[in-house]
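Undergrad: Structure in structure tokens, see below.
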Amino acid sequence: MSVGGAGKRSGRTRNDLPINAEINVTSLVDVAFTLLVIFIITAPILQGGIEVAIPRADVQPLSSQESPFFISIMADGQIMMEETAVTPEELEAGLPQLLAAGTVERVFIRADSLAPYGPVLRAMATTLNSGVPWSLVAEPYAGGS
């Protein structure tokens with residue numbers, strides 16, 4: 001037989017402890033910042049495309065289209081259909097077949113400012129002979145005019 005509560009623990013019981021309702025978000029913030037850094041680093045890599053130093057001119061910005069088709073002429077004269085390198089002969093044979101499928105509404109020709117004139121003219125002539133509307137791409141001046 002115990003007298004005076006000698007069988008109980010002295011001090012606080014579990015029900016007497018205050019409730020701690022704080023959430024430690026330090027690890028959550030660390031993960032969020034890590035993901036942010038990863039996305040900042042990988043975003044330029046995922047952009048893809050072909051780097052072409054397009055000349056500047058007094059032009060209007062391109063209107064957005066669902067599926068623009070680009071022919072790019074690099075500074076060394078290499079011709080690219082979208083991201084595939086082609087010879088001038090392959091361009092002349094392949095472009096009409098591609099355009100006959102009917103998925104391309106307009107062809108944009110992007111030529112590097114240092115590209116030789118011959119491949120640019122050949123791409124323009126091939127696109128003109130295909131019967132599909134086409135445009136030359138240029139960068140607008142920084143001031144807008």
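The values are calculated or read from the model by the stated rules, or taken from the named source; none is laboratory data. The structure displayed is predicted, hence computed values, not measured ones. Virtual Cβ from ideal backbone geometry, glycine too; neighbours counted across all protein chains shown.
Undergrad: When you scan region 58-79, how many residues do you find that are at pLDDT below 90 and assigned to a strand (DSSP E or B)?
TA: Total meeting the criteria: 2.
Undergrad: While we're here: Restricting region 98-142 to residues that are among the aromatic types (Phe, Trp, Tyr) and closer than 17 Å to PRO55 by Cα, which is modelled with the lowest pLDDT?
TA: TYR141
Undergrad: Can you tell me which residue in region 80-132 is nearest to the chain's Cα centre (by Cα), limited to those that are buried (at least 17 other Cβ atoms within 10 Å of the Cβ), in a loop (DSSP other than H, G, I, E, B) and without any contact (Cβ under 8 Å) to a residue 40 or more places away in the chain?
TA: VAL104
Undergrad: With (1) exposed (fewer than 14 other Cβ atoms within 10 Å of the Cβ); (2) among the hydrophobic types (A, V, I, L, M, F, W, C); (3) modelled with pLDDT under 80 as the list, and VAL52 as the residue in question, which single condition is left unmet?
TA: (1)
Undergrad: To continue, here is another question. Going through region 26-44 one residue at a time, which ones are surrounded by 10 or more Cβ atoms within 10 Å (Cβ to Cβ) and either modelled with pLDDT under 85 or not in a helix (DSSP H, G or I) (or both)?
TA: Answer for region 26-44, where residues must be surrounded by 10 or more Cβ atoms within 10 Å (Cβ to Cβ) and either modelled with pLDDT under 85 or not in a helix (DSSP H, G or I) (or both): just THR42.
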